[in-house]
Amino acid sequence: MSDILTITDLTKTYASGLKALKPINLAIRRGEIFALLGPNGAGKTTLISIICGIVTPSAGSVVADGHDIQADYRNARMKIGLVPQELTSDRWETVWNTVRFSRGLYGRAPNPAFLERVLRDLSLWDKRNDQLQTLSGGMKRRVMIAKALSHEPMILFLDEPSAGVDVELRRDMWALVRRLRDSGVTIILTTHYIEEAEEMADRIGVINKGELILVEEKKALLSKLGRKQLTLHLQAPLAALPEGLGAWRLALRDGGQTIDYDFDANARDTGVAALLRRLDELGIPFTDINTQQSSLEDIFVSLVQGGKEARP
Amino acid sequence: MSAPRFNAHGVWAIYRFEVSRALRTIWQSLATPVITTALYFVVFGSAIGSRMGEVDGVSYGAFIVPGLIMLTLFTESIFNAAFGIYFPKFTGTIYEVLSAPVSSFEIVLAYVGAAATKSVVLGLVILATASLFVPIHIAHPLAMIAFLVLISATFCLFGFIIGICSNNFEQMQVVPMLVVTPLTFLGGAFYSISMLPPAWQTVAYFNPVVYLISGFRWTFFGQGDVPVVTSLVATLAFFFICLGVVAWIFRTGYRLKN
Ligand SMILES: Nc1ncnc2c1ncn2[C@@H]1O[C@H](COP(=O)(O)OP(=O)(O)OP(=O)(O)O)[C@@H](O)[C@H]1O
Ligand SMILES: [Mg+2]
């Protein structure tokens, strides 16, 4: 069995009547890092909350490692760890007590050695006797992660783990997520930071207005949807683009010093060779040339805006 | 590894968390009822009680002890249990309990169990305080403990319901202040129902609190306003009604889940 989580026809309509999830079908593979991308209000947290048992689904089913999340919620939930989007904490509890609490709550026998390892991994060991209210926001987020890991879950949900986190902690967290993945944990994260998905994920899902509009291997996604940009640095500035170049989507910038050509990297004929020939014919010399792959961010924006055109 | 049928670790985690929360404020929690009890004794026990003579063959000071314990027990049980579940709802930490492999029965057991533990301790502390003012003889000590535990559990369940249904701190106070305290005062906390005019006695028997106080008083003095079996049945009925409401709340996910 290669899928660890199977979501079938899952829908959610809140009491307000808002359809937060149109039927969602998604399978998460064992051991992968799956990034769920989507704008504010897309339904990411709703989806995660249903899987974790915090929100009741309107219809559909979710099976986690062979256990239905409703019929067999005990076994399903023991497999799942959740780091929620919002920071909440029991102000007066100590780090150690709150992590020990989480482990017990999930039905696991005490294991101080394991909890020590988790806290050390997250650089929280020195803070173990500190009250949560005395910790900084970043530290609190680490505590939330430690709580989620305290019962040794096989599936870990990270709902916007890098919100309000500085660069260093983000790097630490990415490293931790990779270590977890290497130890066999499946990770599903939501994020607004495209570079996070780009850097971390094996697969990417894009959700918008409750609809999963795309699920793809990251690499395939980048190359399939990726557009490239050719940049030509001219020897002498042009006042305007000459008539003879009308066949290409070009833009002149830097005071006429640079020409940008936007093209589909996967097209059989990218038009690059012809463009260069034409420039030669027109006697427009250039000093430098380079191409750039469009980032996930560009892909994402174009998808969510629903346009077929990748760039304005 | 497959999940156990009963998540004992989970229940213990919540129970322990709740008890340690109570222990953090143990002195405030105990000081208020102790001082209140002492004041009641100064006013009712000594100042008024000395002119009252005996009620049902018991000195007035001793007579009011069970009612006094109930008075504090009712409100404290309701408030503590209400707060215990309201607070995580308020701060958002409830997400963890909702996403954990604990059943609703286990959640109730842990939260209500912890609140009831505090109530029982509180009841015993008030009893100890009272014994400094009047000599107290308990006719049926085991029955006394049993009633104390049952009534604490019942009112904690009641409080748990209020905590779940409350959207702010004021709502949590309404029922204890506006309903329970008046019913307790009118329910024979400080007098025997037989001291009322016959018409009012009939009215009094519609007050459920009468049966609770009467039962608890029976464990002290061997007699109450109603037969002890009636009290026991009434207390159990109240207990199971609360239990039923809690079960309904969880089955429908009312106010805990979206
Ligand atoms: N309890 C609720 N009652 C009613 N509507 C809700 C509730 N929670 C969320 N919603 C709505 O459901 C939609 C999806 O919300 P959700 O929190 O799942 O989005 P999200 O993708 O996580 O957004 P963000 O990136 O801002 O965290 C939004 O329109 C939101 O307003
Ligand atoms: Mg969200």
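The values are calculated or read from the model by the stated rules, or taken from the named source; none is laboratory data. Worth saying up front: this structure is predicted, and the values here are computed from it rather than measured. Glycine also receives a Cβ, built like all others from the backbone with ideal geometry; neighbour counts cover every protein chain displayed.
Only one of these conditions is not met by A:T88: (1) polar (S, T, N, Q); (2) more than 14 Å from B:S99 (Cα to Cα); (3) in contact with a Lys or Arg (Cβ under 6 Å, 6 or more places away or on another chain). Which number is it?
(3)
Evaluate the following for A:H233: is it closer than 30 Å to A:T11 by Cβ and either under 33 Å from the mean Cα position of the chain (by Cα) or not small (G, A, S) (or both)?
No: the conditions fail for A:H233.
Taking the stretch A:73-108 on its own, how many of its residues are of a type outside the set (V, I, T), surrounded by fewer than 21 Cβ atoms within 10 Å (Cβ to Cβ) and within 16 Å of ligand 1 (Cβ to nearest atom)?
Count: 3.
Hey, can you tell me all the residues within the stretch B:1-20 that are more than 8 Å from chain A (Cβ to nearest Cβ), assigned to a loop (DSSP other than H, G, I, E, B) and buried (at least 18 other Cβ atoms within 10 Å of the Cβ)?
Hits for the stretch B:1-20: nothing passes.
Any residue at all in the stretch B:215-222 that is surrounded by fewer than 17 Cβ atoms within 10 Å (Cβ to Cβ) and without any contact (Cβ under 8 Å) to a residue 60 or more places away in the chain?
No, the conditions are met nowhere in the stretch B:215-222.
Considering only the stretch A:153-212, state which residues are among the β-branched types (V, I, T) and either within 14 Å of chain B (Cβ to nearest Cβ) or within 16 Å of ligand 1 (Cβ to nearest atom) (or both).
A:I155, A:V165, A:I188, A:T190, A:T191, A:I194, A:I204, A:V206, A:I207
Hey, A:L26 hits all of (1) within 14 Å of another protein chain (Cβ to nearest Cβ); (2) touching a residue at least 12 places away in the same chain (Cβ under 8 Å) but one; which does it fall short on?
With (1) within 14 Å of another protein chain (Cβ to nearest Cβ); (2) touching a residue at least 12 places away in the same chain (Cβ under 8 Å) applied to A:L26, the lone miss is (1).
Collect the residues in the stretch B:55-99 that are polar (S, T, N, Q) and surrounded by fewer than 24 Cβ atoms within 10 Å (Cβ to Cβ), keeping them in residue-number order.
B:S59, B:T72, B:T75, B:T91, B:T93
So A:P39 fits all but one of (1) touching a Ser or Thr at 6+ places or on another chain (Cβ under 6 Å); (2) over 19 Å from B:V97 (Cβ atoms); what number is the exception?
It is condition (1) that A:P39 fails.
Which condition from (1) assigned to a strand (DSSP E or B); (2) within 11 Å of another protein chain (Cβ to nearest Cβ) is the one that A:T11 breaks?
Failed condition: (2).
Which condition breaks for A:A27 when tested against (1) more than 12 Å from ligand 1 (Cβ to nearest atom); (2) among the small types (G, A, S); (3) in a loop (DSSP other than H, G, I, E, B)?
Among (1) more than 12 Å from ligand 1 (Cβ to nearest atom); (2) among the small types (G, A, S); (3) in a loop (DSSP other than H, G, I, E, B), A:A27 violates only (3).
Mind listing whichever residues of the stretch A:116-143 are surrounded by fewer than 23 Cβ atoms within 10 Å (Cβ to Cβ) and within 13 Å of chain B (Cβ to nearest Cβ)?
Answer for the stretch A:116-143, where residues must be surrounded by fewer than 23 Cβ atoms within 10 Å (Cβ to Cβ) and within 13 Å of chain B (Cβ to nearest Cβ): A:Q131, A:L132, A:Q133, A:K140.
Could you grab me the full set of residues in the stretch B:21-48 that are surrounded by 15 or more Cβ atoms within 10 Å (Cβ to Cβ) and either within 11 Å of chain A (Cβ to nearest Cβ) or not in a helix (DSSP H, G or I) (or both)?
B:R21, the sole residue that qualifies.
Name the single residue that is nearest to the other protein chains (Cβ to nearest Cβ) among those in the stretch A:46-74 being part of a helix (DSSP H, G or I) and within 16 Å of ligand 2 (Cβ to nearest atom).
The extreme case among them is A:C52.
Between residues in the stretch B:8-28 that are of a type in the set (D, E) and residues that are in a helix (DSSP H, G or I), which pairs lie under 6 Å by C-beta distance while being six or more apart or on different chains?
B:E18/B:G84; B:E18/B:A114
Give the residues of the stretch A:73-100 that are in contact (Cβ under 8 Å) with a residue 40 or more places away in the chain and either in contact with a Leu (Cβ under 7 Å, 6 or more places away or on another chain) or closer than 15 Å to B:S20 by Cβ (or both), sorted by residue number.
Of everything in the stretch A:73-100, those that are in contact (Cβ under 8 Å) with a residue 40 or more places away in the chain and either in contact with a Leu (Cβ under 7 Å, 6 or more places away or on another chain) or closer than 15 Å to B:S20 by Cβ (or both) turn out to be A:G81, A:V83, A:S89, A:D90, A:R91, A:W92, A:V95, A:T98, A:V99, A:R100.
Looking at A:A113, A:A109 in this structure, which one is among the small types (G, A, S) and within 14 Å of another protein chain (Cβ to nearest Cβ)?
That would be A:A109, the only listed residue that is among the small types (G, A, S) and within 14 Å of another protein chain (Cβ to nearest Cβ).
Confirm whether A:G60 is buried (at least 16 other Cβ atoms within 10 Å of the Cβ) and over 22 Å from the mean Cα position of the chain (by Cα).
Spelling it out, A:G60 is indeed buried (at least 16 other Cβ atoms within 10 Å of the Cβ) and over 22 Å from the mean Cα position of the chain (by Cα).
Quick one: in the stretch B:113-141, of everything that is more than 18 Å from B:M70 (Cβ to Cβ) and modelled with pLDDT of 95 or more, which residue is surrounded by the most Cβ atoms within 10 Å (Cβ to Cβ)?
Once the filter is applied, the top-ranked residue is B:A114.
Would you point out the residue of the stretch A:215-230, among those that are surrounded by fewer than 16 Cβ atoms within 10 Å (Cβ to Cβ) and touching an Asp or Glu at 6+ places or on another chain (Cβ under 8 Å), that is modelled with the lowest pLDDT?
Checking each candidate, the answer is A:K224.
Check the stretch A:146-155 and report whether any residue there is within 15 Å of ligand 2 (Cβ to nearest atom) and either surrounded by fewer than 15 Cβ atoms within 10 Å (Cβ to Cβ) or not small (G, A, S) (or both).
no
Could you list, in sequence order, the residues of the stretch A:75-88 that are within 7 Å of chain B (Cβ to nearest Cβ) and outside any strand (DSSP E or B)?
Listed by number, the residues that qualify are A:N75, A:R77, A:M78, A:P84, A:E86, A:T88.
Every residue in the stretch A:23-44 that is more than 14 Å from A:L10 (Cβ to Cβ) and either of a type in the set (D, E) or within 15 Å of ligand 2 (Cβ to nearest atom) (or both), please.
A:E32, A:A35, A:L37, A:G38, A:P39, A:N40, A:G41, A:A42 - these are the residues of the stretch A:23-44 that are more than 14 Å from A:L10 (Cβ to Cβ) and either of a type in the set (D, E) or within 15 Å of ligand 2 (Cβ to nearest atom) (or both).
Any residue at all in the stretch B:133-141 that is in a helix (DSSP H, G or I) and over 21 Å from B:V180 (Cα atoms)?
Looking through the stretch B:133-141, at least one residue is in a helix (DSSP H, G or I) and over 21 Å from B:V180 (Cα atoms).
Among the candidates A:L47, A:L37, which residue alone is more than 8 Å from ligand 1 (Cβ to nearest atom) and closer than 17 Å to A:V83 by Cα?
None of the other options fit; the residue is A:L37.
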